[in-house]
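The values are calculated or read from the model by the stated rules, or taken from the named source; none is laboratory data. Model, not experiment: these values are computed from the prediction. Every residue, glycine as well, gets a Cβ built from its backbone with ideal geometry; the counts of neighbours run over all protein chains shown. SASA here: full protein model, heavy atoms, side chains in, ligands and nucleic acids out. Shrake-Rupley method; radii C 1.70, N 1.55, O 1.52, S 1.80 Å.
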Amino acid sequence: MSDLTPQSETPTPTTDKITQAARETIYLCNFRVSVDGEWLCLRELNDISLTPDPEPAHEDPKDPIAIERLNLMNMAKLSIKGLIESALNLGRTLDSDYAPLQQFFVVMEHCLKHGLKTKKTFLGQNKSFWGALELVEKLTPEAGEITASVKDLPGLKTPLGRGRAWLRLALMQKKLSDYMKTIINRKDLLSEFYEPNALMMEEEGAVIAGLLVGLNVIDANLCMKGEDLDSQVGVIDFSMYLKDGGHSSKSAEGDGQITAILDQKNYVEELNRHLSASVNNLQAKVDALEKSNTKLTEELAVANNRIITLQEDVERVKEESSYQLESRKAVRSDSAADGQALGETRKQLKEETLLRLDVEKELEVQIGMKQEMELSMKMLEKDICEKQDALVELRQQLEDLRAINQQLIHKSQSADASSKQKSEVVARLEEKINQMSGTVKQLETRCKQAERERDLALEANRLFKQEFGDKIESLQDEVEQLRKHSEPSLCTMCEQADSLLKTKCKNCGGVFCESCVSKELPLPSSILPETVCTTCYSHLLQQYASTPT
């Protein structure tokens, strides 16, 4: 935005390159713009480790001009990528109102302005990349049509407006990449317009020219007759390139997304602060211009008063001269003795004539100064209007950035809340895991103790069987024999003489005849039905009926 305000101070040789480059872009030398996938981040150079991969080995990693070149190259990459993707998704011819296309032209304008040499004019210092673009006509004859069309466009009064129109026509012709490569390859001619460390003179310019090849797939139809290309303010809208990284649903990427959101929040806050500083500087410049305007108005009023006074003096001198001539003619007719007085009068007339000529010359000088001051006043009024428009646009962007900042704050708060909930759940799960591990240890201890007790019981059972096994078998045989001898010959339930004891009740163990042991019921000790006596059958039925299911 340095071409909007005439610079009154001449930069010193030691700070010339840094101050000129800093005025051309809104990037600060203490920060670096980085592009990570679809993210746009701003990092402080003191907080990150700089590696010389993107820069040549002979350059200082903290060189502000090199950092600005890298920032512009990253912004060009992101702008070209976003324009191609959005245009392909849109699926139609692009027009002048398409926001990504407008931002692409703004980024290209910043790239072409980087490192321009300053040309001194009547109103101060001025910079324009139109002279460098005119070289394309000399190197590529087919570009002469675009240059002639730009010169014939009505309403273009500044070199900046002609340069912007040239970029739009080259994009519509799908030759922008070829033209940029043509002029970048002739650095001997570009050295007339650019400093040695400008973007167009370094390898970043060649990279951007290669990236422009992808724009050949885009169809654009731009009407420039109704656009005011001279007074447009080229400010990059970074909010278009801030993307939400919520496309991943894996919990392992949650921390990375939160970090990216916080990086964006910090970047927006930093950019907000820089824009506030830019707005304050522009406001201070507007105030200074208003003061100088007031001063020039006062000086113009004084000059007008001086001109009026000089005009009155000229009229008075003319009247006095005419009166003296008439009086001298009358004196001549009276007497010849008045010759000496006549000579003195003629001498006085010559002096007054010379004085009149001097007054008329001074009057002409004052009129010329008045015209120059009026021209300067018109230029200053136009400059003030342009700066007010830029100030309004910057304030609008500041409001947009504040809204984005609020959104990022809400996202970070929600992310913090979700992370707190997750940490609480993790803590509870860890506590349950600790309790379960303690329970498992206790069960393992009990299991080992039960195994030891089982081994002891088996050993005791084995010893018991060794000692008393034979005795138990002999006793069982004796019990069977006694039972056979003591069994009654009649059924104890029906006591009929012809009943024979054959069947045993599974519930009470008594031996009865087949007619008395003919019922079947499931017993508590078995699932399948078993044969029981009539008494046990009635007893079990009563028990099952009284027991709730």
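It is to be established whether one or more residues within region 287-306 are under 21 Å from residue 352 (Cβ atoms), surrounded by 10 or more Cβ atoms within 10 Å (Cβ to Cβ) and of a type outside the set (Lys, Arg). No, the conditions are met nowhere in region 287-306.
In region 134-174, counting only helices (runs of 4 or more DSSP H) that sit wholly within it, the ones holding 1 or more residues that are touching a residue at least 12 places away in the same chain (Cβ under 8 Å) and either small (Gly, Ala, Ser) or touching a strand residue (DSSP E or B) at 6+ places or on another chain (Cβ under 8 Å) (or both) span 144-152, 159-173. The C-beta contact set for region 354-377 (first residue in contact (Cβ under 8 Å) with a residue 24 or more places away in the chain, second residue basic (Lys, Arg), distance under 7 angstrom, 6+ apart or interchain) comprises 366/306. Under the condition of being open to solvent by 80 Å² or more (accessible area, probe 1.4 Å), touching a residue at least 40 places away in the same chain (Cβ under 8 Å) and closer than 22 Å to residue 260 by Cα, the residues counted in region 378-421 number 1. For residue 234, the conditions (1) modelled with pLDDT of 85 or more; (2) closer than 24 Å to residue 95 by Cβ all hold with the exception of (1). Among the residues making up region 522-549, those that are free of Cβ contacts under 8 Å to residues at least 24 places away in the same chain and outside any loop (DSSP other than H, G, I, E, B) are 522, 529, 537, 538, 539, 541, 542, 543, 544, 545, 546.
What about residue 204, is it open to solvent by 10 Å² or more (accessible area, probe 1.4 Å) and not hydrophobic (A, V, I, L, M, F, W, C)? Answer is no for this residue. Of all positions in region 189-199, none carries a residue that is under 17 Å from residue 80 (Cα atoms) and open to solvent by 10 Å² or more (accessible area, probe 1.4 Å). Only one entry in 151, 174, 157 is surrounded by fewer than 18 Cβ atoms within 10 Å (Cβ to Cβ) and closer than 19 Å to residue 215 by Cβ, namely 174. Between 535, 445, the distinction of being surrounded by 13 or more Cβ atoms within 10 Å (Cβ to Cβ), at pLDDT 85 or above and of a type in the set (Val, Ile, Thr) belongs to 535 only.
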